[in-house]
1. Non-local amide H neighbours of ALA165 (under 5 Å, H modeled in plane, Pro and chain starts lacking H): which ones?
2. Of ALA23, HIS141, VAL91, which is farthest along the charge dipole of the chain in the positive direction, counting Lys and Arg as +1 and Asp and Glu as -1 at C-beta?
3. Quick one: in region 155-223, what % of C-alpha pairs are over 14 Å apart?
4. Could you give the dipole magnitude of the chain about its Cα centre, charging the beta-carbon of Lys and Arg +1 and that of Asp and Glu -1, in debye to the nearest 20?
5. Measuring from centroid to centroid over Cα atoms, what is the spacing of region 106-138 and region 1-66 in Å?
6. Could you give the spread of the C-alpha atoms of the chain along their three principal axes, from largest to smallest, in whole angstroms?
7. Taking K and R as +1 and D and E as -1, what net charge do the other residues with C-beta under 13 Å from the C-beta of LEU117 add up to?
8. Return an integer: the convex hull volume of the alpha-carbon atoms of region 1-126, in Å³ per residue.
Amino acid sequence: MRTPFIVGNWKMHGTRAEAVALAGAVRKAAEGAPEVEVGVAPPFPFIEAVSGICAGGRVKVGGQDCHSEAKGAFTGSTAGPMLRDLGCAFVIVGHSERRHGLGESDECVGKKLRAALASGLIPIACVGELLEERERGATEHVVRRQLQAAFEGLNADLAGRCVVAYEPVWAIGTGRTATPAQAQEVHSDIRRFLGRLLGDPVASTVRIQYGGSVKADNIDALMTQPDIDGALVGGASLDAAAFTRIVQFQRS
Ligand code: PEP
């Protein structure tokens, strides 16, 4: 069985004091959900403070991105080993705000995923289609292309450490969630495709999170789907009560 993994992506929000307070609330929420793995991805400047609050508890801390190189002259970037040094366990790569806002290519995301693995971080590889791509029936093609660039050539051991987040771009920050059936359809195709790329034993262990306007009132229905193994949560992860309810979801 795959352990559900729920991660809050705090993006570029909050102050240090707010991050510390929120981390304390998430630490408490995770104690009430012993069957669920919980993570938070604070803004880089607050990672160390949040790691301190989460130390010894059940909450994993992660980065929102990393560079594809381990060090070098890359002004403004953060390397995987630096995240490890601050206590991070995972890193998000290929978020749509970086793919579409900052022009990160599939190839670039693949390099970041490999850099994360080389640093001992669990990569959360985000994939997902634009609204226009969904409307012309290209969802499967786009998601498979992104997965292929991220995973091709990885050995089973490394691939098995990765997490995939399916995040339809039209659902991120819009309040428009994919229905559980729409999400399940893509999640099962992702697992099928990973099976082809990496073999079914690995594909059956890789956790696939759903992301896109996950809220306290839709998490239960999403988590009843067989291939939805957790969530990557943006806006609602900034609200301690909402994120607590999401972490403590109830499968009906
Ligand atoms: C995200 O940023 O990954 C995300 C899913 O955001 P939101 O939950 O706000 O849609």
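Taken together, the values in this text are just the output of simple stated rules run on the coordinates, not laboratory data. The structure displayed is predicted, hence computed values, not measured ones. Please note: Cβ atoms are built from the backbone with ideal geometry, for glycine as well, and neighbour counts cover all protein chains shown.
1. Amide H neighbours of ALA165: ALA125, CYS126, VAL127, GLN209.
2. Checked the options; the winner is ALA23.
3. Numbers: 1380 of 2346 pairs.
Of the Cα pairs, 59 percent sit more than 14 Å apart.
4. Working: 27 positive and 28 negative charges, 75 e Å.
Dipole of the chain, to the nearest 20 debye: 360 debye.
5. 22 Å
6. That works out to 48, 45, 34 Å along the principal axes.
7. Values: positive: ARG84, LYS111, LYS112, ARG114, ARG161; negative: ASP157.
That sum, taken over residues with Cβ under 13 Å, equals +4.
8. Measuring per residue, one finds 109 Å³ for the Cα hull of region 1-126.
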